[in-house]
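Report on the following structure.
Any read-out appearing in this document is the output of simple, stated calculations on the displayed coordinates, not a laboratory observation. Model, not experiment: these values are computed from the prediction. Cβ atoms come from the backbone with ideal geometry, glycine included; neighbour counts cover every protein chain shown.
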Amino acid sequence: MKKLYWGYGIYAVIISIYFLYFYPLETFGPSRIAAYSHAFYFALLPFEWIFLISIICHKKLWTKIEEDLNRGLSWWKEGKWTIILGLFYLLLRLPFQVVYFELVKYYGLSHETLANWFYKWSLDAFAFLIGAIFLVRLLRFALARFPKKWWLFSWITILPFALFLVYIQPVWIDPLYEEFTPIEEGATREAIEDVVEDAGISNAELLQVEKSDETNRYNAYVTGIGDHARIVLWDTTLNHLSIDGITFILNHEIAHYIEGHFYWGVFGYLLLSLSILFVLANVYSLYNRNMGNVNQRHPKTIPILILMTSILLFILQPGSLYVSRHMEWRADEYAVEHTDNLEPAIETYEKLAIESQSDLYPLWWVKWLRNSHPPMGERLDFIERSANTKSEGEISGTNK
């Protein structure tokens with residue numbers, strides 16, 4: 001294991017040096033926080049794999065766990081060990097997250113207090129542990145009762161929980177993290193209502209979320225389904241962007257709703273999860289045969305499956321990110337088509353790029369492994385080309 005740790009340490013150092021000193025970063029300012037963000041992401045990328053391999057190879061640990069489970073009340077002790085290992089993983093990552101949190105504050109991307117950040121981290125940690133306990137119990141039950149079709153049983157069992165979570169998250173879970181209030185009456189709300197009414201989704205609730213005490217960045221999104229549809233704008237967006245800039249961003253978000261990107265995302269998630277579980281079952285079966293047909297009920301099976309799943313997700317990540325970027329392009333195209341004057345849109349996206357200090361043109365492999373949205377430089381180029389095309393069309397129409 002020492003060679004593995006040394007190898008990971010050398011990899012992390014090389015990645016950090018490359019992004020800190022040699023990465024060809026393009027931004028609207030001198031800040032290199034975007035490169036530092038890349039460095040943290042890629043340096044920590046194998047961390048989960050290293051952790052899981054360390055756990056899997058720890059023979060004394062599994063002897064102790066197996067003996068403990070065999071003494072009775074296995075379901076309770078199973079949960080106990082899940083919490084212990086889950087907390088150990090979270091606490092190992094915590095110092096790196098705190099360092100990045102302070103780095104983001106240093107460069108002015110956030111002014112959130114450490115106490116508030118830790119509160120949200122605690123909520124995430126609690127949800128992670130609850131999810132881990134449920135997942136471990138489900139997998140161990142499925143492996144024991146349905147040794148050949150455990151993957152299908154697991155998917156069918158997770159399905160209603162996933163759909164229920166999608167439905168309740170905007171209403172019950174999001175308010176645990178943020179404070180939501182109706183958008184105040186005035187010219188901005190009237191402009192938003194006009195855009196929403198033109199799009200045919202006037203039943204959506206118009207909300208703002210208080211983010212100015214945490215960050216200077218801007219954001220807006222559409223969430224929820226059916227009668228629970230919500231259009232949410234950060235108060236920084238409402239307070240610092242022009243009305244035309246806000247309506248352009250709103251048109252972008254409405255496009256996701258109109259084109260059903262949310263539903264496509266849910267459908268894609270369900271199909272992808274089924275495919276991953278099927279592939280996982282076959283890969284694990286092959287692995288198990290080569291390792292001497294180890295009993296599937298052994299508790300070590302769970303981290304092995306989690307490791308395989310993590311690697312599979314990484315392999316599939318460029319594809320899922322590509323789909324996400326395509327949806328964002330479609331939303332930008334919709335916003336351009338429904339905006340007469342694109343100059344405010346250009347100014348708005350420039351503000352977004354400046355405030356976020358983003359990497360305007362990331363290298364292709366960084367883009368394919370990280371970016372769920374098209375790079376801001378490419379989006380600006382597209383809007384500028386569209387603005388020029390509209391101007392040429394107007395001039396041509398005038399000459400006629």
Two-decimal Rg to Rh for segment 249-400 - Kirkwood Rh, Cα set: 1.19
Mean Cβ count within 10 Å, highest first, over the residues of peptides 241-253, 97-109: 241-253, 97-109
At R0 = 22 Å, FRET efficiency that the Cβ-Cβ distance of residue 80 and residue 123 yields, to 0.05: 0.50
Chain lengthening between residue 361 and residue 242 when straightened (0.36 nm per residue, less Cα-Cα): 40.2 nm
Segment 70-104: trypsin sites (Lys or Arg not before Pro) in DSSP coil with no more than 10 other Cβ atoms inside 10 Å: 71
Rg(Cα) / (2.2 N^0.38 Å) computed for segment 292-336, rounded to two decimals: 1.99
Sites residue 173 and residue 60, calculated FRET efficiency, Cβ-Cβ separation with R0 41 Å, nearest 0.05: 0.60
Spatial separation of Cα centroids for segment 1-29 and segment 55-113, in angstrom: 24
Cα lying deepest toward the dipole's positive end in the chain, options 312, 54, 29, charges on Cβ: 54
Karplus 3J(HN,Hα) series, Hz, for segment 128-143 with 6.51 cos²θ - 1.76 cosθ + 1.60 (x for Gly, Pro): 4, 5, 4, x, 5, 4, 4, 5, 4, 4, 4, 5, 5, 5, 5, 5
Distance between modelled label sites at residue 137 and residue 340, nm, 7 Å Cα→Cβ extension: 5.9
Using a Förster distance of 22 Å, the FRET efficiency for residue 152-residue 315 (Cβ separation, nearest 0.05): 0.50
Cα-derived Rg over Rh, computed across the chain with Rh taken as Kirkwood radius: 1.00
D (Stokes-Einstein, µm²/s), Kirkwood Cα radius, segment 154-230, 0.890 mPa s at 25 °C: 170
Amide hydrogen neighbours beyond the local backbone of residue 211, cut-off 5 Å, H modeled: 235, 236
